[in-house]
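Asker: If you scroll down you'll find the structure; I have some questions about it.
Each reported figure results from applying straightforward, stated rules to the coordinates on display, with no laboratory input. In this text, all values refer to a predicted model and were calculated from it rather than measured experimentally. Here Cβ is always computed from backbone atoms with ideal geometry, including for glycine, and neighbour counts include all displayed protein chains.
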């Protein structure tokens, strides 16, 4: 990962994941191979698909695989950019981003487990209170499940 400052005001963290880069290259190769096969047989059905179309060049009624677009896309394999205004190190910023799925998973669980439905509030304080109470209930449920599991009991 690399930290980049733009105009001394905007901080970016550029990250590279080698495994993801390999996957991106493999996925692109599969898409391009499918395109070459289809176009070679005169089949234009993949032209309408956005994922395939980005590798095509149109020339009148003819379509061809655009090698320049493939090379351009390959430059970004396994890379992503984060922006932050925190004082965390570049490594900590990337790690926190990677852990974001856990927060999303908890909120998804919270909504389904607690059967949360849309409730409309007029003030910021009531919104924060509602989210706090829902999250607290989820934490209490998780603690209860852990305690029951230690005693080998089940919550039905």
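Asker: Using r as the Cβ-Cβ distance of residue 67 and residue 2, and R0 as 35 Å, what FRET efficiency do you calculate, to the nearest 0.05? Kindly include the intermediate steps, with their values, before the conclusion.
Answerer: Numbers: r = 28 Å, r/R0 = 0.81.
Rounded to the nearest 0.05, the efficiency is 0.80.
Asker: Turning to a different aspect of this structure: Order these peptides, 65-72, 40-47, by their mean beta-carbon neighbour count within 10 angstrom, highest first. Before the final figure, lay out each step's value.
Answerer: Values: 65-72: 12.9, 40-47: 10.9.
Sorting 65-72, 40-47 by mean packing, highest first, produces 65-72, 40-47.
Asker: Does anything in the stretch 61-98 have its amide N under 19 Å from the 7 Å Cα→Cβ label point of residue 9, and if so which residues?
Answerer: Backbone N within reach: 83-87.
Asker: Follow-up question, since we're still on this one. On C-alpha positions alone, give me the angle between the axis of helix 124-150 and the longest principal axis of the chain, in degrees, nearest 10.
Answerer: Approximately 80 degrees, to the nearest ten.
Asker: Between residue 150 and residue 85, what is the label-to-label distance in nm when each label sits 7 Å out along the Cα-to-Cβ direction?
Answerer: Output for this residue pair reads 4.1 nm.
Asker: Cα centroids of the stretch 30-87 and the stretch 123-156: how far apart, whole angstrom?
Answerer: If we compute the Cα centre of each part, the gap is 45 Å.
Asker: For helix 100-113, report the angle its Cα long axis makes with the longest principal axis of the Cα atoms of the chain; keep it between 0 and 90° and round to the nearest 10°.
Answerer: 60 degrees
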